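The values are calculated or read from the model by the stated rules, or taken from the named source; none is laboratory data. Remember, predicted model here, so these are calculated numbers, not experimental data. Ideal geometry is used to build each Cβ from the backbone, glycine not excepted, and the neighbour counts take in all protein chains shown. To get the accessible areas, we keep the full protein, side chains included, count just its heavy atoms, and leave off ligands, DNA and RNA. Shrake-Rupley method; radii C 1.70, N 1.55, O 1.52, S 1.80 Å.
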Amino acid sequence: MMRTLLCASSMAGVRTAHHGLSASAESQDEVSAAPTAQSGGKPILRLGVIADIQHCNIPDGTNFAKTISRKYRGSLAMLDRATDYWNDQKVDLVLQLGDIIDGKCRIQTDSETDLASVLSKLSRSNPALGFVHLIGNHELYNFNRAQLRERLDTARGGGHPQGTVREFYHLRPVKGLRLVVLDPYFDSVIEKDPENSDGWARGAKILQANNPNMTPEAMQRGAGWFDGMQGPARRFVPFNGGYGAEQLGWLEKELDEAARTGERVVLMSHVILHPGACDGTTLAWDYQAALEVIAKAPRGTVPLVLAGHDHQGGYAWDESSGTHHLTLQSPLNHGLQGDCYGCIDILESGCFVVRGPNIAHLVKSERFVSETDDSQTSSVRLSFPSLVAGGPTC
């Protein structure tokens, strides 16, 4: 069994690479070839991870633009292997990073039936701390927020006054660690839900101010959105959204509190926060403001941001905040032959070990250090940035 691994033993000289887990050091000597869980201490938490299942009970097809193939039925079959893997690995909590079914379910099949099929598969796994389901654009194509809370418990965590319901929240599963779920469609034009009518109005205003193609007719038609748009400006399209001032203000307070209590924070957002971790079309509208909030906290407070949305995956290292931005690949890429799932061990030593039966299907990497062993897994190691100069790394 080929075991693929990459250990960033020192953050000095780490380069950002779009669509490549290129946490490569400036010299070969800085890349370790021994990222076993034993070498970094035992896991304090083991997370199952998957993104963009996007099941729809239709034959394999393409995205709406007909530019990317999608293996719809294979993604559901992959969940059998995913749940077997999570059960074998005894994960504590499963993170489903959004887009659990496809928007085509609403038109071509039945949203409720297809969602039930996915949840039935997921129910084969029974992690002690349950599931975290993020809101993606395809959730909002099929259901409103109240329906999603009922079906997926999308507001399960804390961080708000009693009686305040938000799909951004925190969980504190173990001492010293805070998981923060963000809602990248707080400002959005996907849904005209009475509950979020203000967010729809803000979203329409943002799009029309930043993309001249965003007439009301074009937003409905789904054509010509990118005409004349370059670079990160291409993010101003309806399948993305924004966090908004309220949520970013809340996030700043969360990070301040985490820094005071000595907690590390893992952020989760369906839409991507760093331009290096995607192709530029799948960024949150206000990603710069979000990165500024993260950078205000003491360096290393947020060592990891997990995202989906860009099905090809990606990675970026933000030196200013000491943050790994990791975008997971979609099961739609490989279908029946794929293994786009895995787990993340958070170790006592201050490392993340991202593991899976086929790591190249879960994350994209331009550079691997590989060895052969008998373990039925492959891994990528990412170190926590040290909070103090000269502090330990993995």
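Observations
- Taking a straight Cα-Cα cut-off under 23 Å and skipping sequence neighbours fewer than 8 places away in the same chain, the lysines within cross-link reach of Lys205 are Lys192.
- Accessible surface, per residue, of segment 243-383 when the full set of protein chains is kept, probe 1.4 Å, Å²: 29
- With all protein chains in place and ligands, DNA and RNA left out, the 1.4 Å accessible area ranks Phe168, Phe131, Phe186, Phe226 as Phe226, Phe131, Phe186, Phe168, largest first.
- Length gained on full extension, Gln230 to Glu348: 38.2 nm, using 0.36 nm per residue less the C-alpha separation.
- Fully extended contour minus Cα-Cα distance, from Gln208 to Arg81, at 0.36 nm per residue: 41.4 nm
- For segment 133-166, backbone nitrogen atoms closer than 11 Å to the point 7 Å from Glu246 Cα along Cα-to-C-beta are found at 164-166.
- Rg over Rh for segment 89-248 works out to 1.00, both radii taken from alpha-carbon positions and Rh defined as the Kirkwood radius.
- A full extension of the chain between Lys66 and Lys175 corresponds to an added length of 34.6 nm, given 0.36 nm per residue minus the alpha carbon distance.
- Segment 276-308 and segment 209-246 have Cα centres lying 20 Å from one another.
- The Cβ shell under 15 Å around Leu347 holds other residues with a net charge of +3, Lys and Arg each +1, Asp and Glu each -1.
- Candidates per trypsin sites (Lys or Arg not before Pro) in segment 68-152, loop by DSSP, up to 12 other Cβ within 10 Å: Lys90
- Solvent exposure ordering (accessible area, 1.4 Å, most first) of Ile294, Ile107, Ile44: Ile107, Ile44, Ile294
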